[in-house]
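Notes follow the structure.
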Amino acid sequence: MFEELSQKLETVFKKIRGQGRITEANVGESLREVRRILLDADVNYKVVKQFIDDVQKRSVGQEVLTSITPGQLIVKIIFDELVKLMGTTQAEIKYSSLPPTVIMVAGLQGSGKTTFCAKLANHLKGKGRYPMLVAADVYRPAAIDQLEMLAKQIQIPVVAERGRGAVDIAVDSIDRARKAARDVVIIDTAGRMHIDEEMMQEVATIKTKVSPHEILFVVDSMTGQDAVNTAKAFHDRLNFDGVVLTKLDGDTRGGAAISIRAVVSKPIKFVGVGEKLDALEVFHPDRMATRILGMGDIVTLVEKAQERFDEHKAKKLEEKLRKSQFTFEDFLDQLHEIKKMGSIQQLMNMIPGMNKLPANASVDEKGLVRVEAIIQSMTKVERQKPQIINGERRKRIAAGSGTSIQEVNKVLKQFSDMQRMMKTFSKGKLPRMFRGMQIPQ
Ligand SMILES: Nc1nc2c(ncn2[C@@H]2O[C@H](COP(=O)(O)OP(=O)(O)O)[C@@H](O)[C@H]2O)c(=O)[nH]1
Ligand SMILES: [Mg+2]
């Protein structure tokens, strides 16, 4: 899947990953290469343009984390943008509260509709549903035979009536499903080699008559740009709910997978990865981006880097602690860090040598919000030199933070205790210090 595309991108990434600094020039050059590769992969040119612009914007002026290279950061940005492009959430079938849920499947001939209908029925059966297949591609007798044959393999009932019109069959099938207690109806419609008015008219009529809960558009990913144009034409007419990309197991260039969502603004819901009936996957944009970038480790890499970045900050803090230069400013930073991280336990884990917090240590994290408000109400000078905070100032701070003078006093007292303790600070003592910290209620 996407082999050529992945390989080419990897070559560019290797180059930028090795570079020590992000400059507009080297980002520019790399992105020009990425742009060319995407166009070669048959990604829609408008999509490529937007994509490159977005990556460029995010790359310039990015804070580079200490422990990753600028190149790695760009790879991560490209990854994020690729995920965004293909859809940030994975969308499921919407089921009707009143069964049966009707799913209509449309697309060009040969795109893989009939195969997908059977795969979907099989997939839903596996999830405890009771699907029924409907052969509404009545023009080619072989198409009906094909659906019947596939349905038999997976033991799913199928409505196949030779000699009747597609619209009538589809309409009747809903009632039949209800009577047979089938809760999902999957309608396989006819496709043509190319979009033509007659075919469009027929699917549009079926849509009007049966009001499907879900219309899925099947597209052969091997067809690249054409796939995107077809999708657009279908979408203008049918306003479908989601896309199914088939034949991703072939040597597809990736253009359709990358561009289609941006062009029709509808999510990719499933991907076909083989001829067999279990070769169906629920679409996950992040997994797909990983496949395209050819770097299974990219997410882990950047997450690790983020951790290392936090560690680096923690080391700096530790140094400050040792030197007794800890001010209210640092304290506030730490509170923000705690909020970001979720818990003080996690903060402790970040500090080297401090990861063994006693099991009974706990901190009231709601109280931290009030402490934060108190520090926020101090002036910069007060935060650096709390000894200047006299009665007048305490009153102002209490009023400003919506707390009481007593609470302000408590925070100041604790802070000076903390500072004192830090003078005798050694690795083993810090956890105890935090444990002793009382948060005002
Ligand atoms: N390799 C591969 N072949 C597929 C996939 N989906 C469908 N096909 C094949 O594509 C051909 C056309 O599929 P079919 O379901 O008949 O398309 P329809 O005309 O749209 O109904 C058949 O030979 C299928 O076996 C897929 O995901 N991977
Ligand atoms: Mg078919």
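The values are calculated or read from the model by the stated rules, or taken from the named source; none is laboratory data. Given the structure is predicted, the values throughout are model-derived calculations rather than measurements. Heads up, the Cβs are rebuilt from the backbone with ideal geometry, glycines too, and the neighbour counts pull from every protein chain shown.
Out of all the residues in the stretch 189-196, is one or more at pLDDT 90 or above, touching a Ser or Thr at 6+ places or on another chain (Cβ under 7 Å), assigned by TED's automatic domain parsing to the domain that holds L120 and within 16 Å of ligand 2 (Cβ to nearest atom)? Full working, then the answer.
Taking the stretch 189-196 and keeping what is at pLDDT 90 or above, we get 189.
Among the residues that remain, those that are also touching a Ser or Thr at 6+ places or on another chain (Cβ under 7 Å) are: none.
Looking for residues that are at pLDDT 90 or above, touching a Ser or Thr at 6+ places or on another chain (Cβ under 7 Å), assigned by TED's automatic domain parsing to the domain that holds L120 and within 16 Å of ligand 2 (Cβ to nearest atom), one finds none in the stretch 189-196, hence no.
For the condition at pLDDT 90 or above, in contact with a Lys or Arg (Cβ under 8 Å, 6 or more places away or on another chain) and not small (G, A, S), P100 qualifies.
From the list E407, E365, which residue is modelled with pLDDT under 75 and surrounded by 14 or more Cβ atoms within 10 Å (Cβ to Cβ)?
None of the others qualify; the one that does is E365.
In the stretch 385-410, the residues that are in contact (Cβ under 8 Å) with a residue 12 or more places away in the chain and part of a helix (DSSP H, G or I) form Cβ pairs under 8 Å with partners that are surrounded by 15 or more Cβ atoms within 10 Å (Cβ to Cβ) and aromatic (F, W, Y), at six or more places apart or across chains, as follows: P386/F328; P386/F415.
Would it be correct to say that M132 is touching a helix residue (DSSP H, G or I) at 6+ places or on another chain (Cβ under 9 Å), at pLDDT below 95 and either over 22 Å from F217 (Cβ atoms) or not in a loop (DSSP other than H, G, I, E, B) (or both)? Spelling it out, it is not the case that M132 is touching a helix residue (DSSP H, G or I) at 6+ places or on another chain (Cβ under 9 Å), at pLDDT below 95 and either over 22 Å from F217 (Cβ atoms) or not in a loop (DSSP other than H, G, I, E, B) (or both). Picking from residues in the stretch 103-120 that are of a type in the set (A, V, I, L, M, F, W, C) and within 14 Å of ligand 2 (Cβ to nearest atom), the one that is modelled with the lowest pLDDT is L108.
Taking first residues from the stretch 148-170 that are outside the structural domain of K125 (by TED's automatic domain parsing) and of a type in the set (A, V, I, L, M, F, W, C) and partners that are at pLDDT below 95 and in a loop (DSSP other than H, G, I, E, B), no Cβ contact under 8 Å between residues at least 6 apart in sequence or on separate chains turns up. Can you spot a residue in the stretch 174-188 that is among the hydrophobic types (A, V, I, L, M, F, W, C) and within 16 Å of ligand 1 (Cβ to nearest atom)? Within the stretch 174-188 (the criterion being among the hydrophobic types (A, V, I, L, M, F, W, C) and within 16 Å of ligand 1 (Cβ to nearest atom)), the answer is yes, since at least one residue qualifies. The residue of the stretch 29-42 that is surrounded by the most Cβ atoms within 10 Å (Cβ to Cβ), among those that are within 17 Å of F79 (Cα to Cα) and touching a residue at least 24 places away in the same chain (Cβ under 8 Å), is L38.
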